[in-house]
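A.B. asks: Quick one: structure below, then a few questions.
The values are calculated or read from the model by the stated rules, or taken from the named source; none is laboratory data. Everything numeric here is computed off the predicted structure, so don't read it as measured data. Glycine also receives a Cβ, built like all others from the backbone with ideal geometry; neighbour counts cover every protein chain displayed. With ligands, DNA and RNA removed, areas are computed over all heavy atoms of the protein, side chains included. Shrake-Rupley method; radii C 1.70, N 1.55, O 1.52, S 1.80 Å.
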Amino acid sequence: MRGLSVLLSAVGIVAALLLWRTLAAAIPADPGANSMAVRIGLAFGALMPAAAVLLAMTLTQAGLRFLTGAIDPTQGGDGRLLRVNQRCIANTVEQLLPFAVFLPAWAAGAPAAGVPGILALGGVFAVARLAFWLGYLAAPILRAPGMAASFAANAAACAATVLVWSG
């Protein structure tokens with residue numbers, strides 16, 4: 001099982017890298033990106049897909065609570081679907097918080113030419129969170145690609161931020 005988890009994680013990281021390269025190549029340069037304010041604004045815009053995934057998870061959880069009648073989570077009546085979805089929400093918040101700090105910080109210090117890569121990484125992160133969520137709902141081991149891809153996006157954003165701000 002451990003070997004499968006490592007393999008699935010590697011698949012997630014490779015898929016994230018390929019998606020990032022594809023998206024970054026497809027996103028045109030923005031002539032206004034010479035302005036730090038524009039770059040930061042674009043980075044916040046790049047966070048919107050991930051925020052939408054988190055919102056979808058939260059709305060799904062609320063809908064499931066309504067449909068199942070398990071309104072009070074402290075009563076211990078949550079089925080597997082509610083428990084897994086709650087864990088996906090919690091993990092997404094844990095992953096999204098540092099990403100939401102790194103992406104605008106990276107954009108603030110990046111040259112205009114780096115903006116397509118920043119925007120692409122926002123999309124990759126959102127897709128990775130979707131893969132994590134859907135994989136976890138199917139089987140816990142299948143969350144590995146999305147988790148690894150999310151972590152890789154976070155690590156890349158952190159490293160890029162450190163690079164642009166360390167000179």
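A.B. asks: What pairs come out if I take residues in segment 64-89 that are among the hydroxyl-bearing types (S, T, Y) and pair them with residues that are open to solvent by less than 40 Å² (accessible area, probe 1.4 Å) whose C-beta lies under 8 Å away, six or more apart or interchain?
C.D. replies: Partner pairs satisfying both residue conditions: T68/G79; T68/L82.
A.B. asks: Hey, among the residues in segment 73-92 that are part of a helix (DSSP H, G or I) and surrounded by fewer than 13 Cβ atoms within 10 Å (Cβ to Cβ), which one's nearest to the chain's Cα centre (by Cα)?
C.D. replies: Looking at the filtered set, the residue picked out is A90.
Each row is one residue, and each column tells you yes or no for (1) over 15 Å from A10 (Cα atoms); (2) surrounded by fewer than 22 Cβ atoms within 10 Å (Cβ to Cβ); (3) modelled with pLDDT of 95 or more.
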position	(1), (2), (3)
I118	yes, no, yes
F125	yes, no, yes
L130	yes, yes, yes
W133	yes, no, yes
Y136	yes, yes, yes
L142	no, yes, yes
P145	no, no, yes
S150	no, no, yes
L163	yes, yes, yes
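A.B. asks: Cβ-Cβ under 8 Å, sequence separation 6+ or interchain: first residue in segment 23-49 and more than 14 Å from A126 (Cβ to Cβ), partner open to solvent by 50 Å² or more (accessible area, probe 1.4 Å) and not in a helix (DSSP H, G or I). Which pairs?
C.D. replies: V38/D30; L42/D30
A.B. asks: Select, from W106, W133, the only residue that is under 30 Å from L19 (Cα atoms), more than 14 Å from the chain's Cα centre (by Cα) and either assigned to a helix (DSSP H, G or I) or without any contact (Cβ under 8 Å) to a residue 24 or more places away in the chain (or both).
C.D. replies: Numbers: W133 fails: more than 14 Å from the chain's Cα centre (by Cα).
Of the residues listed, the single one that is under 30 Å from L19 (Cα atoms), more than 14 Å from the chain's Cα centre (by Cα) and either assigned to a helix (DSSP H, G or I) or without any contact (Cβ under 8 Å) to a residue 24 or more places away in the chain (or both) is W106.
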